[in-house]
Amino acid sequence: MIGALAVVVPARDEEELLPGCLQALRRAARHPGVPDLPVLVTVVADGCTDDTVRIAHHHEAQVVELTGHNVGAARAAGCARALLAAGELVPGIAPDRVWLAQTDADSQVPPDWIVRHLAFAVSGWHALAGTVRVADWRGHPRRTAAAFARHYRADGRGSGGHAHVHGANLGVRADAYQAVGGFRPVAVGEDRVLVAALDAAGYRIGRTVHSPVTTSGRRVPRARGGFGDFLRGLDARAG
């Protein structure tokens with residue numbers, strides 16, 4: 001039985017979009033379907049020069065400050081801090097009773113997001129890979145949204161109706177996370193690397209198209225080779 005849930009949010013100069021992210025997480029934590037357990041939010045401010053840290057504190061999130069500009073290391077540091085906090089709130093809690101959920105600072109989870117993750121955890125899954133949708137296609141060529149939908153359908157094979165992995169909508173039980181070495185300190189693709197390691201180790205990875213996370217469609221990405229660059233590639237082909 002899960003005894004604590006932690007959400008890790010890496011951020012780099014996200015003063016504009018972080019408030020919406022944290023407000024959405026608060027709504028999800030207050031969903032009537034969430035049992036009486038600690039829900040911890042940790043924002044990892046990685047090389048921030050704006051008001052990201054102040055905003056995170058204002059929304060009562062834990063804050064880890066880094067300067068490495070590395071999303072894999074940021075998620076790993078956030079998970080480590082979250083596990084320490086879970087141990088302080090629930091003394092002696094075992095890793096197999098902590099669920100580590102992941103989202104992004106430019107994203108907003110739906111109200112039932114935490115309920116969805118907990119349902120998979122309670123059902124014995126070691127990890128959950130969810131989907132995303134783009135909040136706003138303004139600034140992109142008209143055909144980019146359709147190209148994105150085709151890509152999602154084309155890659156939608158596998159159990160749970162999709163084969164995607166997004167750091168904006170990912171969860172893993174802490175014992176499985178630790179057993180495979182956690183997030184690697186890679187600049188991009190840390191989510192896919194973790195899921196591949198879990199799969200190779202024989203852990204059960206659930207997938208769902210329900211409760212998708214809404215993420216920004218900004219054209220200036222924070223991480224080269226990440227989701228923003230993927231959208232820019234679609235722009236080039238659609239334009």
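The values are calculated or read from the model by the stated rules, or taken from the named source; none is laboratory data. Note that the structure is a prediction, hence the values are computed from the model and not measured. Please note: Cβ atoms are built from the backbone with ideal geometry, for glycine as well, and neighbour counts cover all protein chains shown. Note: areas computed on protein heavy atoms with side chains; ligands, DNA, RNA excluded. Shrake-Rupley method; radii C 1.70, N 1.55, O 1.52, S 1.80 Å.
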Inset, instruction - Note down all Cβ pairs under 6 Å where the first residue falls in the range 136-151 and is closer than 25 Å to His162 by Cα, the second is in a helix (DSSP H, G or I) and acidic (Asp, Glu), and they're at least six residues apart or on different chains. - result: His140/Asp235; Thr144/Asp235
Inset, instruction - Quickly run through the range 21-32 and pick out the residues that are surrounded by fewer than 17 Cβ atoms within 10 Å (Cβ to Cβ) and within 20 Å of Arg54 (Cα to Cα). - result: Gln23, Arg26
Inset, instruction - Please go through the range 81-123 and pick out each residue that is among the small types (Gly, Ala, Ser) and without any contact (Cβ under 8 Å) to a residue 60 or more places away in the chain. - result: Gly87, Gly92, Ala119
Inset, instruction - Could you list all residues from the range 33-64 that are surrounded by 15 or more Cβ atoms within 10 Å (Cβ to Cβ), more than 16 Å from Ala4 (Cβ to Cβ) and among the small types (Gly, Ala, Ser)? - result: Ala45, Gly47, Ala56
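Return the residue satisfying two criteria in turn: it lies in the range 155-169 and is modelled with pLDDT under 85 and touching a strand residue (DSSP E or B) at 6+ places or on another chain (Cβ under 6 Å), and of such residues it is least open to solvent (accessible area, probe 1.4 Å).
We begin by selecting, within the range 155-169, every residue modelled with pLDDT under 85; these are 155-161.
Retained after the next criterion (residues that are touching a strand residue (DSSP E or B) at 6+ places or on another chain (Cβ under 6 Å)): 159-160.
On the way: Ser159: 79, Gly160: 38 Å².
It comes out as Gly160.
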Legend entry - Residue selected from the range 170-204 under the condition in contact with a Gly (Cβ under 6 Å, 6 or more places away or on another chain) and open to solvent by 40 Å² or more (accessible area, probe 1.4 Å), by the criterion farthest from Cys79 (Cα to Cα): Val188
Legend entry - Residue satisfying condition, being among the aliphatic types (A, V, I, L, M), in contact (Cβ under 8 Å) with a residue 24 or more places away in the chain and in a helix (DSSP H, G or I), within set Leu22, Leu37: Leu22
